[in-house]
Amino acid sequence: MMNTIFDANSDELLHTVKTAIFDYSLAEDISLQEKLENAFFKMKLMDYAFNETMIFAVTNKAGQILFVNDRFVEISGYSQSELVGKTHNIVNSNVHPKSFFKEMWSTILSEEPWTGEICNRRKNGELYWVKTYILPVYINSKESYFLSIRTDITSEKEKEKLLQLSIVSSFETVVNQVNNLVFKVEKDTFGSFVFSMFTGKIAGEFLAKRGNSIIQTPKNGHEVNSTAHYKSINALLPKDMANRLTIHLMEVCKGTEVSYNEWMDNKCIHITLSPVMEDGEVVGAVGFGNDITELESTRKKLNELAYYDHLTNTPNTAALERDVREKIKSKNPFHFIYVDLDRFKNINDSLGHVTGDKLLQKVTRRINNFIQTSGEIYRIGGDEFVVLIDEDQMETSSLQFAEALIREVELPFYIDEMEVYISCSIGISYYPTDGTTYHSLHRSADLALNVSKENGKRNAVLFAEEHREGFVNKVQLESDIRAGLDNDEFFLMYQPKVYLQTGTIDGYEALIRWNKKSDGIISPNDFIPFSEETGLIIPIGKFVLKEACRQAVEWLKLGVEFNTISINISPAELEQNDFLTNLQAVLEETGLPPYYLEIEITENVLMKNIDRLTNVLLDITKIGIKIAMDDFGSGFSNFRYLSELPIHTLKIDRMFMKRVLENRDEVIVSSIIRIGQGLGLDVVAEGVENKEVIDFLRVHNCHSVQGFYYSKPMRAEEVPTYTINQ
């Protein structure tokens, strides 16, 4: 994997890293226009944060430089050939003591990230400073690397140096020119902290709004400023800001440099406090602040992406779960109102996704206007919303509220000179009567919503216990699945993965089917979700694993050529304590070498207990089994996982293949391919059905493809005689 990164040019590496660190989520039912807007929004943020300013290098455990980007070459003055293969001693300025680097290496060798400021020396002898973040990249027990991300802070350091010199003598002239925040704190005769200087453009703007003026250094540094209230921290700053500064100053008095962020009106200021020493004692502190508002705003936006739906400007499912849990903690009763738009798919299909998106936006605004400030609306699916309303905010009964909301939604919408009508169905649950957890409240409302739909839609239903009785058929389904496992009603089909450039077989994916007695073939969509919900996926998964391995061994004996047999693993299976033990036992029993087996996971596997599951995946790869990230792009799509997890293969979700010919998802698909290549991953495109998509993928050097273009899933006995139709 690392070789591919090292051989990439700077632009590709920057693009890979900027995209790989962002948590990105696409729900399956969200329209194409939304997905494109989100993708470009994400790329813009990443480009801002990394493309222009970052300095990259990759180092091995021996300290040898394996890769540097163009910015590293530019700032150091050395060519890439002069740097690669050397250690960072080539730019060592001898400014830092050996203990500084000893602590740094101790941290990163413990697989912990390290952050600090380092002074380096250019080839021409000039010094430069970089803010450095070193991230350990673990490959296996014998191989790991260190990715360093740096920003040039030379100018800031030069300013700080000027300020230190000014403190000793007279630095009023320098300070007045600084477009930042500069202050000096001393202790008065009572031992309280006071400002002897508080100046700079940021200080001037902040104090002017409060009718104050900046405090400049007296001509004689030993004089006391005659305006006493300017020197008092509590008089000059708001109480909460003064308290935070005081706490940090207590740390500085111990001889420690402290950095923190402080909001001064609408600006986020990164403040560094340094101790002022006299005769070995701390007698005060110097503070230097930089305006990082834009960077902080970008960071917050990146964090909010996981909780925000950008099409409708409303919180999403993750935010709903978070907020419901908080409400439950407060123990205040509230209503969980589940809203589902009727016939939205028909409107989307007949009028197009653009019109469908506009309708969703208008529906959201109308619901928001209806509930006003009494509640919060969340979009949790393509055409599904939830409204949370506290009991003390509900002026009528929840049923009356919901019925009024239905009437409001049924009023006409005007979109591009068209009059569009839509209705909705609503299910309502109530905390604590109908559930005391997020999932139980959601399920109760969902059951009530199902009853609403069964009763003809366009109505609201309060959850009642008898609604559970309507799902007795699920009890029967559970019984049928168990009987099917006992009676060998389940079997596997196999779909080939084809090397795109050579047209040869890469491997086969095992797909389960159910030949239910008296009912014929049952689609996996009709029993897999239910099996995951009930835990039946565990015995089903064990059947798939054992049968796929047994069949692979049989093919090998027949001389069938393939690299991997792939099986899908659910989150519930990975969470089993004996999963790895069972996996090894099946391999031993069937005799299949581990390197022939590939396990496919989806990103929702990592949404719970990520640390434990990551360790499980690492243990799986240690025995030679490959890991594939399946359905990439359909859900959470966190690029960070691609670099941190032991993933061998990246499978692009099939929904993108249907859109490529419409010139709607070309950018997304080509970007995912490029990211995968940059990280050394095999990229597989799923759901490929026509030659035009094949040609597109071939141009972008996609590794392998899977889909009806080459073959539908086939029975095991068809595989030995299967030939690829070019």
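Every read-out reported here was derived from the displayed coordinates using simple, explicitly stated rules and does not represent laboratory data. In this text the structure is predicted, and so the values were computed from the model without any measurement. Using ideal geometry, Cβ is built from the backbone for each residue, glycine included, and neighbour counts are taken over all protein chains shown.
List of remarks:
- Each residue of segment 143-151 was assigned a 3J(HN,Hα) from its phi angle through the Karplus curve 6.51 cos²θ - 1.76 cosθ + 1.60 (θ = phi - 60°); the sequence is 9, 8, 9, 10, 9, 10, 10, 10, 10 Hz, with glycine and proline shown as x.
- Under-5 Å amide H pairs with Gly284, H placed in peptide plane, nonlocal only: Val276
- Calculation over all alpha carbon pairs of segment 277-355 in 5 angstrom steps from 0 returns a P(r) of 3, 9, 10, 11, 12, 11, 10, 9, 7, 5, 5, 3, 2, 2, 2, 1, 0 percent.
- Each label was represented as a point 7 Å from its Cα along the Cα-to-Cβ direction; for Ser374 and Asn690 these points are 5.0 nm apart.
- The alpha carbon centroids of segment 72-150 and segment 654-726 are separated by 40 Å.
- Pairs with C-alpha atoms separated by more than 31 Å, drawn from the list Lys517/Lys651; Lys497/Lys622; Lys497/Lys546, are Lys517/Lys651.
- Among the listed pairs Lys329/Lys542; Lys142/Lys557; Lys61/Lys157; Lys131/Lys159, those with a Cα-Cα distance over 27 Å are Lys329/Lys542; Lys142/Lys557; Lys61/Lys157.
- Calculated FRET value between Ser297 and Lys453, using beta carbons and R₀ = 45 Å, to 0.05: 0.60
- In nm, spacing of pseudo-spin labels at Lys517 and Trp263 (7 Å Cα→C-beta vector): 6.5 nm
- Sum of side-chain charges, Thr581 neighbourhood, beta-carbon under 13 Å (Lys, Arg +1; Asp, Glu -1): -4
- Karplus-derived 3J(HN,Hα), 6.51/-1.76/1.60, for each residue of segment 422-430, Hz, glycine and proline x: 8, 10, 8, 10, 9, x, 10, 10, 9
- Here the gap between Tyr421 and Glu143, fully extended at 0.36 nm per residue and compared with their Cα-Cα distance, gives a gain of 94.0 nm.
- Scalar couplings 3J(HN,Hα) for segment 387-399, obtained by applying the Karplus form with A = 6.51, B = -1.76, C = 1.60 to θ = phi - 60°, are 10, 9, 9, 5, 4, 6, 9, 8, 7, 10, 6, 5, 5 Hz; x denotes Gly and Pro.
- At full extension, Glu278 and Cys253 could sit 7.8 nm farther apart than now, given 0.36 nm per residue minus the alpha carbon distance.
- Whole-Å semi-axes of segment 354-441's equivalent ellipsoid (Cα gyration tensor): 26, 14, 11
- Convex hull projection area averaged over all views, segment 411-462, Cα basis, nm²: 4.6 nm²
- Projecting label points 7 angstrom from Cα along Cα→Cβ for Leu127 and Ser397 puts them 7.8 nm apart.
- Amide H contacts of Asn92 (H built 1.01 Å from N, under 5 Å, at least 5 apart or other chain): Arg121
- Partners for Lys98 among aspartates and glutamates (Cα-Cα distance below 17 Å; same-chain residues under 8 apart left out): Glu117
- Relative to the current alpha-carbon distance between Arg612 and His88, full extension at 0.36 nm per residue lengthens the span by 185.2 nm.
- Once the Cα gyration tensor of segment 399-520 is diagonalised, semi-axes √(5λ) in Å: 41, 27, 14
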